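Trainee: The structure under discussion is supplied below as C-alpha cells; questions concerning it will follow.
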Amino acid sequence: MKKIIATLMIVLCISGAAIAQDELSFERKQAIDSLALEKVRDLSKYIKIVGSKDTPFSEANRVIDRAEELFMNDAEIGVSSIHSNQITFYRVRKYFEHLMRLNYDRVEIEWYNIEYVSDLQRQPDGTYVGVITIFQTFRGYDKEGNLVYKDTTKKDITVYVRRKETQIGGRTIGFWDVLLGDMRVKETTDR
Amino acid sequence: MILLAVFITLGGTTSCKSKKRLAKEAAEAEYRSKVEQAVKDLNAILDDETLWTLEEKEARVQTIKDWNLQNAEVDDLIFQVEKKLARERAQKEEEKRIAIEETNKATSTEAVLDGNFISIARASSASQANRTINETLGMFESPNVPVLIIISQSPGFNDYDRPTTIEKYLNYLKDQKKAGHKVHEIKYNSNGKINELELIVK
C-alpha cells in the first residue's frame, strides 16, 4: 500500500512539474503575443518596400528573402480584386514577385488595425496558434498620377509560435520561433 | 644608629636594583615576544599562509616596522615582504586599471551601437543608412556574428526571439525604420572585435 502511495505521489509530482513548465506566466505570454504582432507589422513594412516602385530590384530581392523567413515553408497568400470574386493563392515568393510586377506607376499599400482575432492558444504539441487580422488599403496610380485602382481588404493571418533551442557560443539558447501561416482574404471592398 | 642607617641604605639599593632588573627582564621578554610574532607574521605573509587582504598585510608590516625591533632576521624578512607586497600592489593596480578600461570600453561601445541603431532607423535615405551599417559592421568579427534579442526576462532565464546575424539585424533596422532594442551584453574576441551581441526590447 505504502509503495502504491509513494508511486502515486511521484507520478503527481512529475506531472505537476510538467504542467508548471507548460504554463507560461502572464508576462511571458504577453511577450510572445507582442512578438507575433511585431512580425506581422514587420511583414507590412516589407510589403510596402517591395510594392514601392522606388525600391531598387536588388534591394527588393533582399527584402523578399527577409519576408520569406517570416513564413512557414508551405504558406500561401490570398490575393483578391474588386473586379472579380476569385481569390488567387500565391506562395510567398511568388506573391512578392507578383507585387513587384504590378502594372502601376506608383503603388501605396497601408496596413492598419493589426490585432488578434483569436488569441495564441497552446496546442497539444506545445505550439501556440493564433489568428491576427489586418486591414490593407491598396492604391495604384498611373503615370499621370491618377488613382486607377483602390481596394481595402480584410485579411486573416494564422501565426504559429514554437519553443526551440539552438547552440550559440557553446550555450543552449531557448527561443520563440514565430512563423506566419496562410494569409486569407476575408473581405474586399472598393472603399 | 649608624649600623641601622647602613642597613636601610643597602636594603633600599638592593630593592631598587631588583625592580630595575625585573623591568629589564619584562622589557626583554616583550622584545622577544614581538620578534617572535614579527617573524611568524612576516613568514606567513611570505608563504601566503594568511587570509589577510593586501591592505591588511601592508598594515601589519607597518606595525612591525613601527616596533623598530632592530633585529637582523626581522629586517631581512621585512625587506622580502615589502618586495612581495609591492609586486602584489602593482598587480592589483593593473587589474583595477584593466577592469576600468574594459568597463569604459563596453560602455562606450554600447553607446556607439545604440546610437548607430537609432541613426540607421532614422536615416533620411537608404545610402545614409548603408553607410552607418558598413561603419557598424566594422566593429564586428564578421557580418554573421550572432545577435540574440531578449523579449522577456524571468528569474534564472531569458526568452529570446529567433537568433539573427548582425548584418540582417542592421538591415532590419533600415527596412523597419524603428530601433526597438538596446544593447544588453557584448562579447569580444581576442582582437577586440564583437563576436556576440545580446539586445533587449526597450
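Trainee: Rule-of-thumb check for the range A:99-191: C-alpha Rg over 2.2 N^0.38 Å?
Mentor: 1.52
Trainee: Kirkwood hydrodynamic radius of the protein assembly as shown from all distinct Cα pairs, in Å?
Mentor: With all distinct Cα pairs of the protein assembly as shown included, I get 28.2 Å.
Trainee: Set the Förster distance to 45 Å, then compute FRET efficiency between B:GLU102 and B:TRP67 from the Cβ-Cβ distance, nearest 0.05.
Mentor: That gives a FRET efficiency of 0.60.
Trainee: If you line up the long axis of helix B:72-121 against the longest principal axis of chain B, both from Cα atoms, how many degrees apart are they, to the nearest 10?
Mentor: Taking the Cα atoms of chain B, the angle to B:72-121 is about 20 degrees.
Trainee: Measure off 7 Å from each Cα along the Cα-to-Cβ vector at A:ILE87 and A:ASN146, then give the distance between these two points in nanometres to one decimal.
Mentor: For the pair A:ILE87/A:ASN146, the computed spacing is 3.2 nm.
Trainee: In the range B:38-124, what is the volume of the convex hull around the alpha carbon atoms, normalised per residue and reported in Å³?
Mentor: Given the Cα convex hull of the range B:38-124, per-residue volume reads 100 Å³.
Trainee: Given just the C-alpha atoms of the range B:126-201, how large is their convex hull per residue in cubic angstrom?
Mentor: Dividing the Cα hull volume of the range B:126-201 by its residues yields 85 Å³.
Trainee: What is the pair-distance distribution P(r) of the range B:73-126, computed from all Cα-Cα distances in 5 Å bins starting at 0, with each bin given as a whole percent?
Mentor: 4, 16, 11, 11, 9, 9, 7, 7, 6, 5, 5, 4, 3, 2, 1, 0
Trainee: Taking neighbour counts of Cβ atoms within 10 Å as a proxy for exposure, in what order, fewest first, do A:GLU115, B:GLU198 appear?
Mentor: Final ranking by Cβ density, sparse to dense: A:GLU115, B:GLU198.
Trainee: Suppose we keep just the alpha-carbon trace of chain A; what are its Rg and Dmax in angstrom?
Mentor: Final numbers for Rg and Dmax: 21.8, 89 Å.
Trainee: For chain B, what is the Kirkwood hydrodynamic radius in Å, using each pair of distinct C-alpha atoms?
Mentor: 23.6
Trainee: Rounded to the nearest 0.05, what FRET efficiency do A:GLU115 and B:ASP114 give with R0 = 25 Å and r taken as the Cβ-Cβ distance? Could you check?
Mentor: Rounded to the nearest 0.05, the efficiency is 0.25.
Trainee: Taking amide H positions as placed 1.01 Å from N in the peptide plane, with prolines and chain starts having none, which residues 5 or more places from A:LYS186, or on another chain, fall under 5 Å of its amide H?
Mentor: Correct list: A:LYS154, A:LYS155, A:ASP156.
Trainee: 222 nm [θ] for the protein assembly as shown, helices only, -39500 (n - 2.57) per DSSP H run of 4+, per residue, to 500?
Mentor: That calculation yields -18000 deg cm²/dmol at 222 nm.
Trainee: Would you list A:ILE87, B:ILE98, B:ILE120 from fewest to most Cβ contacts within 10 Å?
Mentor: Ordered from fewest to most neighbouring Cβ atoms within 10 Å, A:ILE87, B:ILE98, B:ILE120 come out as B:ILE98, A:ILE87, B:ILE120.
Trainee: Taking the Cβ of each residue in A:PHE26, B:PHE117 as the centre, tally the other Cβ atoms inside 10 Å and list the residues starting with the fewest.
Mentor: In increasing order of surrounding Cβ atoms, one gets A:PHE26, B:PHE117.
Trainee: Apply the Karplus curve 6.51 cos²θ - 1.76 cosθ + 1.60, θ = phi - 60°, to the phi angles in the range B:186-191 and return the couplings in whole Hz, x for Gly and Pro.
Mentor: 10, 10, 10, 8, 5, 8
Trainee: Kindly flag which residue pairs out of A:LYS48/B:LYS178; B:LYS34/B:LYS65; B:LYS40/B:LYS65; A:LYS143/A:LYS186 have an alpha-carbon separation exceeding 23 Å in this structure.
Mentor: Beyond 23 Å between Cα atoms: A:LYS143/A:LYS186.
Every number here is computed from the coordinates shown, using simple stated rules; none is lab data. Keep in mind the model is a prediction, meaning the values are calculated, not measured. For neighbour counting, all protein chains shown are included, and Cβ atoms are generated from backbone atoms with ideal geometry for every residue, glycine included.
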